[in-house]
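Shown next, in structure tokens, is the structure this report addresses.
The values are calculated or read from the model by the stated rules, or taken from the named source; none is laboratory data. Quantities reported herein were computed from a predicted structural model and do not represent experimental measurements. Note: ideal-geometry Cβ built from the backbone for every residue, glycine included; neighbour counts use all protein chains shown. Accessible surface areas use protein heavy atoms only, side chains included; no ligands, DNA or RNA. Shrake-Rupley method; radii C 1.70, N 1.55, O 1.52, S 1.80 Å.
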Amino acid sequence: MNWSWDVAFDVLPQLLKGLVVTIEATIVASLIAYILGLAIAILKMSNRKSTRVSLYWMTEFIRRTPILVQLYIVFYVLPDFGIFLEAFTCGVIVLGIHFSTYTSEVFRAGIDNVPKGQWEAARSLNYNPYQAWKHVILPQAIPPMIPPLANYLITMFKETPLLAAITVVELFRAADQYSNSHYTYLEPMTLVGVFFLLVSIPSAMIAMRLEKKFKPIKVAR
């Protein structure tokens, strides 16, 4: 089997479009994962046992089931109940919710690492809970969280090919469509791997720099 540059250049425009979709899906899903993860972490600190227990079992269920199964249920099963989502929207929501169960543990660990005296200091300043979180707790908790959160961003990027299962034309599906139409797989799939490396390797290097800059935290699993 010989490499054909003609095929490589022919498929390249489709792959670039797919790469843009992949990056967009990663960014949107990560925003959902970070925002929802922070909310879950805060709610898990609730004084209400029912809230803590409910969130624990919910996050465990989501974390212990495959993303692919979750994608199929949301995209193919929910329409039977009258709930229809566009493929891209479905994909980023499922990815975001799934990874929020992991980022919530990162946020929880970061919050737990804030000295208890900081809460007392916030109360002594007559801060309400919102002000305490905004001005005292989160500014100290977030910096050590940055390295593990960056690693989850890279992981989400590498999981985007799963969106091909629900017809999202991201990088992998773009290559797959071309390969199935032209009966050639070497060039498209090789280029997919190259594109993932071109994004993942610099991202991993940035994450390593962040790990050196910020003190890492231990994340409960």
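Things to note:
- The chain - mean residue ellipticity at 222 nm from DSSP helices (-39,500 (n - 2.57) per run, n ≥ 4, rounded to 500): -25000 deg cm²/dmol
- Think of a 1.4 Å ball rolled over the protein heavy atoms: the range 1-124 then has 57 Å² of accessible area per residue.
- Cα gyration tensor shape for the range 60-115, rounded if a/c is under 1.5, else prolate or oblate: prolate
- Share of carbon and sulfur in the accessible heavy-atom surface of the chain [1.4 Å probe, %]: 66 percent
- Pairs beyond 32 Å (Cα-Cα), from K44/K158; K49/K213; K158/K212: K49/K213
- Largest accessible area first, the listed residues E86, E159, E187, E24 line up as E86, E24, E159, E187 when surface is computed with a 1.4 Å probe on the assembled protein chains.
- Of I111, I73, I62, the one that fluctuates the most in a GNM where the chain has Cα springs shorter than 10 Å: I73
- For the chain, modelled as a GNM whose springs connect Cα atoms under 10 angstrom apart, the maximal fluctuation among Q70, Q14, Q131 occurs at Q131.
- Total formal charge among the other residues, if their Cβ is under 14 angstrom from that of V53, Lys/Arg +1 and Asp/Glu -1: +3
- Accessible area in square angstrom per residue, the range 146-221, 1.4 angstrom probe: 56 Å²
- Calculated mean projected area of the Cα convex hull in nm² (choose from (1) 12.6; (2) 15.3; (3) 13.5), label: (2)
- Net charge contributed by nearby residues that have their C-beta within less than 15 Å of F172 (K/R +1, D/E -1): -2
- Label-point separation in nm, Y185 to L78, each point 7 Å along Cα→Cβ: 3.2 nm
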